[in-house]
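J.: Below you will find the structure I want to go over with you.
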Amino acid sequence: MNQLLSVVIPSFNEEGMIPRTAKTIAKLLQEAQIPYELLFVNDGSTDTTWEKIQTEAAANPRVKGINFSRNFGKESAIYAGLFYSAGGCCVVIDCDLQHPPEKIIEMYRLWEEGYEIVEGVKHSRGQTERYTHFLAAKCFYKIISRLTNVDMSRASDFKLLDRKAVNALLNIREKNAFFRALSSWIGFKTTSVEFDVREREVGETKWSTWSLIKYAVSNISSFSAAPMQIVSLLGLIMLLISLVLGGISLYQKITGTALEGFTTVIIINLFTGSIIMLSLGIIGYYISKIYDEIQGRPKYIVRGTCGDLKNTPTEPKDIL
Ligand code: UDP
Ligand code: MG
C-alpha cells in the first residue's frame, strides 16, 4: 500500500511563510515517521515566493514546487497540487499555518484506520475576522449547506483525502470547482477532526469583501439553479399584481373615473422594468457560466516545476 503522504500547500505571496511552513511540517512528519512530500503551488505570486520554494526544494528533496503562469486562485492551486501528488493520501493545508500542522498526524492516523476523507472542522474561526465577514460567511454557509445537504458551516479546505477520493475529484471536469463542497459531495468514508483557526503570523489575508462576494455567488450558482426559479416567481408575483391593478383600472373605466392613477402607472413601469432587468441579469449570469465551462479552458497553466514530481506538465493534445 502506498503510505506516502502528499501535503498540498497553495501559496500566494507567502515569501515570509514558505521557509517556516516547509520546516515546521517537514519536522513534524519526520518525527512521526510518516513518509511525505510537500507540494508548494505558487499561485502567480508577485513577490519572491517561487524563489523561496526553489531554495527549500534544493535543501530537502521531499519539497517540490509547481509554478503557475499567473494567479489562478486557491481552488486551482489545490487542484494542481492534487494532480501532481504521488501519495496514497493527500492533505490540503494553508501556507500561513492558520491550520495547525500537528493535526496532519491525527488525520494520517485516521486514514491508516481506514477512513478515506478526514475533514478539518473549525472549532473556532479565529479573531482576525471582521464581524461583517463573519455574518456574511454564516449566511453563505447556510445556503450552501442546504444545497449540498452537507453541514458546511464549520467546513474548511484543511482536509485529508485518500487517493480514491483525489482521483474522483480530479475526474470532475467542472472548471469552476468548489473544492470544499465537492470533496463532501463525492462521498466516501468520512470522519472529521476539530481544530482552532490560528492567527496569521506573517502577511495578510488575500480576501477582500468584493472577492468574497464573487466567491459566494459563483459557488452558490455552481450548486444550484434556484436563482433562475426566482425569475419565474417574480413573474408570477407581477402577474398577480397586474391582475389586481387591471381589475381596478377596468372598474374605474366602467364607472367613468379612469383619468386618475398616473402615479400608479409610473410605479408599475419602474417596478416591471427593474424586475425584468434583474431577471435578465440572473439568466445572463448562468449563461456566462455555461460559456466559461464550454470554452474548456484549463483551471490553471503551469510555467515550471521543481523537485521530482509524479506528473509532468501536460503536453498539448491533438484536438480535432
Ligand atoms: N491563496 C492562493 N491563491 C490566492 C489566494 C490565496 O493560493 O489567490 C492561498 C494563500 O497563500 C494561503 C491560502 O490560500 O495559503 C489561504 O489564503 P488566506 O490566508 O489569504 O485566506 P484566509 O485564511 O484569510 O481565509
Ligand atoms: Mg489564512
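The values are calculated or read from the model by the stated rules, or taken from the named source; none is laboratory data. The shown structure was predicted, so the numbers you read here are calculated from the model rather than taken from an experiment. For neighbour counting, all protein chains shown are included, and Cβ atoms are generated from backbone atoms with ideal geometry for every residue, glycine included.
For every residue, the table says whether it meets (1) free of Cβ contacts under 8 Å to residues at least 60 places away in the same chain; (2) within 15 Å of ligand 1 (Cβ to nearest atom); (3) more than 17 Å from the chain's Cα centre (by Cα).
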| residue | (1), (2), (3) |
| --- | --- |
| LEU147 | no, no, no |
| GLU204 | yes, yes, yes |
| TRP210 | yes, yes, no |
| SER222 | no, no, no |
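J.: Among the residues of region 80-90, which ones are farther than 12 Å from LEU161 by Cβ, crowded, with 23+ Cβ neighbours inside 10 Å and either within 13 Å of ligand 1 (Cβ to nearest atom) or small (Gly, Ala, Ser) (or both)?
T.: Scanning region 80-90 gives a single hit, ALA80.
J.: Condition check: away from ligand 2 (no atom under 16 Å from the Cβ) and surrounded by 17 or more Cβ atoms within 10 Å (Cβ to Cβ). Does ARG62 satisfy that?
T.: yes
J.: Only one residue in PHE158, PHE188, PHE195 is within 15 Å of ligand 2 (Cβ to nearest atom), among the aromatic types (Phe, Trp, Tyr), touching a helix residue (DSSP H, G or I) at 6+ places or on another chain (Cβ under 7 Å) and more than 25 Å from GLY284 (Cα to Cα). Which one?
T.: On inspection, the qualifying residue turns out to be PHE195.
J.: In region 108-131, what residues are of a type in the set (S, T, N, Q) and either at pLDDT 90 or above or touching a Lys or Arg at 6+ places or on another chain (Cβ under 8 Å) (or both)?
T.: Result: THR128, single match.
J.: Of the numbered conditions (1) farther than 24 Å from GLU119 by Cβ; (2) in contact with a strand residue (DSSP E or B) (Cβ under 9 Å, 6 or more places away or on another chain); (3) of a type outside the set (Asp, Glu), THR48 fails exactly one; give the number of that condition.
T.: (2)
J.: Can you name every residue in region 195-222 that is in contact with a Lys or Arg (Cβ under 9 Å, 6 or more places away or on another chain) and over 29 Å from GLU102 (Cβ atoms)?
T.: So in region 195-222, the residues in contact with a Lys or Arg (Cβ under 9 Å, 6 or more places away or on another chain) come out as 195-197, 201-202, 206, 209, 218-219, 221-222.
Scanning region 195-222 gives THR209, SER218, ASN219, SER221, SER222.
J.: Would you say HIS99 is within 16 Å of ligand 2 (Cβ to nearest atom), surrounded by fewer than 17 Cβ atoms within 10 Å (Cβ to Cβ), of a type outside the set (Gly, Ala, Ser) and on the phi < 0 side of the Ramachandran plot?
T.: Values: within 16 Å of ligand 2 (Cβ to nearest atom): yes; surrounded by fewer than 17 Cβ atoms within 10 Å (Cβ to Cβ): no; of a type outside the set (Gly, Ala, Ser): yes; on the phi < 0 side of the Ramachandran plot: yes.
No, not satisfied.
J.: Collect the residues in region 225-275 that are aliphatic (A, V, I, L, M) and outside any helix (DSSP H, G or I), keeping them in residue-number order.
T.: ALA225, ALA258, LEU259 - these are the residues of region 225-275 that are aliphatic (A, V, I, L, M) and outside any helix (DSSP H, G or I).
J.: Looking only at region 11-20, decide whether some residue is in contact with a Pro (Cβ under 9 Å, 6 or more places away or on another chain) and at pLDDT 90 or above.
T.: No, there is no match, as no residue in region 11-20 is in contact with a Pro (Cβ under 9 Å, 6 or more places away or on another chain) and at pLDDT 90 or above.
J.: Continuing with this model, one more query. Tally up the residues in region 1-24 that are surrounded by fewer than 24 Cβ atoms within 10 Å (Cβ to Cβ) and within 16 Å of ligand 2 (Cβ to nearest atom), please.
T.: 7
J.: The conditions are (1) over 30 Å from GLN295 (Cα atoms); (2) under 15 Å from the mean Cα position of the chain (by Cα), and TYR141 fails exactly one of them. Which is it?
T.: (1)
J.: When both residues are 6+ apart or on different chains and their Cβ atoms are under 7 Å apart, which pairs have a first residue that lies in region 116-131 and is more than 20 Å from SER183 (Cβ to Cβ), and a second that is modelled with pLDDT of 85 or more?
T.: Close Cβ pairs (under 7 Å, with a partner that is modelled with pLDDT of 85 or more) amount to GLY126/GLN98.
J.: Of the residues ILE105, ILE93, which single one is at pLDDT 90 or above and within 16 Å of ligand 1 (Cβ to nearest atom)?
T.: Unique residue meeting the criteria: ILE93.
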